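The values are calculated or read from the model by the stated rules, or taken from the named source; none is laboratory data. A quick note: this is a predicted structure, and the numbers were derived from the prediction, not measured. We place every Cβ from the backbone using ideal geometry, glycine too, and count neighbours over all the protein chains shown.
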Amino acid sequence: MSHVFHRNPKMDLPTAVGGQGMELIDSNGKRYIDASGGAAVSSLGHGHPRVIKAIQDQVAQLAYAHTSFFTTQVSEDLADLLAAAAPGDLNHVYFVSGGSEAVEAALKLARQYFVEIGQPQRRHMIARRQSYHGNTLGALAIGGNAWRREPFLPLLVQAHHVSPCFAYRERLDGETDSAYAQRLADELEAKILELGPDTVAAFVAETVVGATAGAVPPVADYFKRIRAVCDKYGVLLILDEVMSGMGRTGYLFACEEDGVVPDLVTIAKGLGGGYQPIGATLCTDRIYDAIVGGSGFFQHGHTYIGHATACAAALAVQQTIVDDGLLDNVRARGEQLRGELRAALGDHPNVGDIRGRGLFVGVELVADRATKATLDPARKTHAKFKARAKDNGLLLYPMGGTVDGVRGDHVLLAPPFIASPADIGRIVDRFAQTLNDVL
Ligand code: PLP
């Protein structure tokens, strides 16, 4: 009997004992290609010597100092790196320990900003259907998964939802990207007007949708139009890049590709690349100045914010990405991955869509390509896909289920940025084998 309260206690899990580069190894000696980086976490792969050394050096020097007593050089250096790389004046970095905490901090920063500037009536948060922002109460409240919220509804603040930008399923026949983007911006504007423009604090969206829909990028100009609506009504734009940020799309911040600067952006998974739990929320000068020049401090905090060892790991991960030119590799290998998946599976009757950006790739599984009819939920295809891929020595992140009425099975691929052309070939071979085994 295990005393660990596992995520899914009924599942029989192998014991992971090692990790080398692209691979994880279990206690039976079986090797798995980590083609999803866990849940898009592992950006440098496993056992990277530079990161290991940085962690060892930091622990030997100073593992942790509470941030109400001290700052540390390593957290300052990491914040400098992130602020310099972030678009616009996202110059202030609030460190946390993971993605949900980063989202909570963003929501509270947005709320406190309006309290500080004398607009305390701004309280509403608008997010999108088909979104995941985390499992803590604030993040859960804004997320688009009704079934995840359901048992906890009495504990949650009310959030409001508009349509996601999901061209494959929700763009109308004959509708151009531009018209689709405008329709969605109009929907957001209508929601803001319905709630009362001076009561809305923020609009929250994943720059590229991850877990709920499988690497769905926005259509061109979507975020520019959303930014314009937010600006028109003084609503803050929060982009959640917990999954899509830190190089996953081929840009350090995914929103760089969309040409927009949010007021707040959250990052986590790829920040520490799995070597340490760390996340962050970045905010602009305007938000920082209002809070620091107002009440003087952000009314928030956790014991482990700015943890020195976590910062050392993240700093080494981010410096390696720059020094080894890995963003170029992410873009090139991402093109290769999508190209080879299309060549190998593009005609398969159950493959509806292959999409994504950089090494953030989604494959949508359908019952019928022509009608885009979804697979019968009772078949639990995503679960079978994950298990069979594992048997085939491939780690993938498939998801399924009904998300606010939209049903879909998709498989997320998010391999480490160090992937070689041959690694991508092996991933595609095992993916194709798994698809043929399952469907
Ligand atoms: N936001 C997004 C976009 C995510 O994908 C996730 C996790 O999958 C989270 C927030 C929550 O992050 P964590 O699981 O680290 O709390």
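A few remarks follow.
- Set Ala280, Ala202, Ala213, Ala220: member being away from the ligand (no atom under 16 Å from the Cβ) and not assigned by TED's automatic domain parsing to the domain that holds Ala40: Ala220
- Put simply, of Gln119, Gln20 the only residue that is polar (S, T, N, Q), free of Cβ contacts under 8 Å to residues at least 40 places away in the same chain and either in contact with a helix residue (DSSP H, G or I) (Cβ under 6 Å, 6 or more places away or on another chain) or away from the ligand (no atom under 16 Å from the Cβ) (or both) is Gln20.
- Residue check for Gly29: within 24 Å of Ala254 (Cβ to Cβ) and either more than 27 Å from the chain's Cα centre (by Cα) or surrounded by 10 or more Cβ atoms within 10 Å (Cβ to Cβ) (or both): no
- Qualifying residue in region 169-185 (condition: touching a Gly at 6+ places or on another chain (Cβ under 7 Å), away from the ligand (no atom under 16 Å from the Cβ) and not assigned by TED's automatic domain parsing to the domain that holds Arg357): no
- Lone unmet requirement of (1) out of contact with any Gly (no Cβ under 6 Å at 6 or more places or on another chain); (2) over 23 Å from Thr284 (Cα atoms); (3) of a type outside the set (D, E, K, R); (4) within 16 Å of the ligand (Cβ to nearest atom) for Ser131: (1)
- Checking each residue of region 262-275 against the condition of being farther than 16 Å from Phe95 by Cα and either more than 16 Å from the ligand (Cβ to nearest atom) or in a loop (DSSP other than H, G, I, E, B) (or both) gives at least one match.
- Restricting Asp240, Asp258 to those that are at pLDDT 95 or above, within 10 Å of the ligand (Cβ to nearest atom) and of a type in the set (Asp, Glu) reduces the list to Asp240.
- Residue among Gly296, Gly250 that alone is within 17 Å of the chain's Cα centre (by Cα) and more than 15 Å from the ligand (Cβ to nearest atom): Gly250
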